[in-house]
Amino acid sequence: AILEIASHWGLNFEFDKEGLWVTPGERITNDEMEWDFFKSPDLAPTVMAVNAALGIKAKYLGLKSLRIKESDRIRSMQKNLDLGGVDLVVERAVNGIEEIAFQFGTFCFDNELIIETFDDHRIAMACSLLAAKGKVTIIDPEVIIKSYPEYWQQMRENGFEITRQG
């Protein structure tokens, strides 16, 4: 699912015997995106962070299960994205079951952004991508050990500078 989503951001993917090659391409989504996360809810925070960084207005469906993860991931992303001026507005669908979120704004901040992980590995990793916009400090960075212990090292190897606190 992430390969299809990322193709809208202008990334091309090619698999060969050595692995996955990612190259820049043409952005499909210029200013709006709609995506149903029912089958892949864990991708939602990452997509929200990247869309915020790119200034893509978005409508997200299939978010109900995000309320019952390691954190309330919808609320966690609302709080962190709000720090950079991006609104994540949530509405309940007519049937009252599905949560729909609308995202508006382009993420920006002046000096340093301090990200709260809410004890959630996916929030830490998703919001770390905002380091593409400036200096980011992650509080309680070790939460990533649950799913991706090498994450911070690999981010540094790829040119990201993220300060870890806690």
Worksheet item: Which of the residues belonging to segment 108-133 are open to solvent by less than 30 Å² (accessible area, probe 1.4 Å) and either more than 14 Å from the chain's Cα centre (by Cα) or of a type in the set (A, V, I, L, M, F, W, C) (or both)?
Response: Leu113, Ile115, Ile123, Ala124, Met125, Ala126, Cys127, Leu130, Ala131
Worksheet item: Of the residues Ala49, Ala53, Ala58, Ala1, which single one is buried (at least 18 other Cβ atoms within 10 Å of the Cβ) and closer than 15 Å to Arg122 by Cβ?
Response: Ala49
Worksheet item: Within segment 12-37, which residues are assigned to a strand (DSSP E or B), surrounded by fewer than 18 Cβ atoms within 10 Å (Cβ to Cβ) and not acidic (Asp, Glu)?
Response: Asn12, Phe13, Phe15, Gly19, Leu20, Trp21, Val22, Thr23, Pro24
Discussion item. Looking at segment 70-88, can you tell me whether even one residue there is at pLDDT below 95, assigned to a strand (DSSP E or B) and out of contact with any Phe, Trp or Tyr (no Cβ under 7 Å at 6 or more places or on another chain)?
Written reply: yes
Item to complete: Would you mind finding the one in Ile145, Ile162, Ile97 that is at pLDDT 90 or above and of a type outside the set (D, E, K, R)?
Response: Ile145
Worksheet item: With Ile145, Ile139 as the choices, which residue is without any contact (Cβ under 8 Å) to a residue 40 or more places away in the chain, farther than 14 Å from Ala52 by Cβ and open to solvent by less than 80 Å² (accessible area, probe 1.4 Å)?
Response: Ile139
Discussion item. Out of Ser40, Ser7, I need the residue that is over 21 Å from Val90 (Cβ atoms), of a type in the set (Ser, Thr, Tyr) and either under 16 Å from the mean Cα position of the chain (by Cα) or open to solvent by 80 Å² or more (accessible area, probe 1.4 Å) (or both). Which one?
Written reply: Ser7
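The values are calculated or read from the model by the stated rules, or taken from the named source; none is laboratory data. If you're wondering where the values come from, they're calculated on a predicted model, not measured in any experiment. Don't worry about glycine lacking a Cβ; one is built from the backbone with ideal geometry, like all the others, and counts go over all protein chains shown. Calculation scope for accessible area: heavy atoms of the full protein, side chains included, ligands and nucleic acids excluded. Shrake-Rupley method; radii C 1.70, N 1.55, O 1.52, S 1.80 Å.
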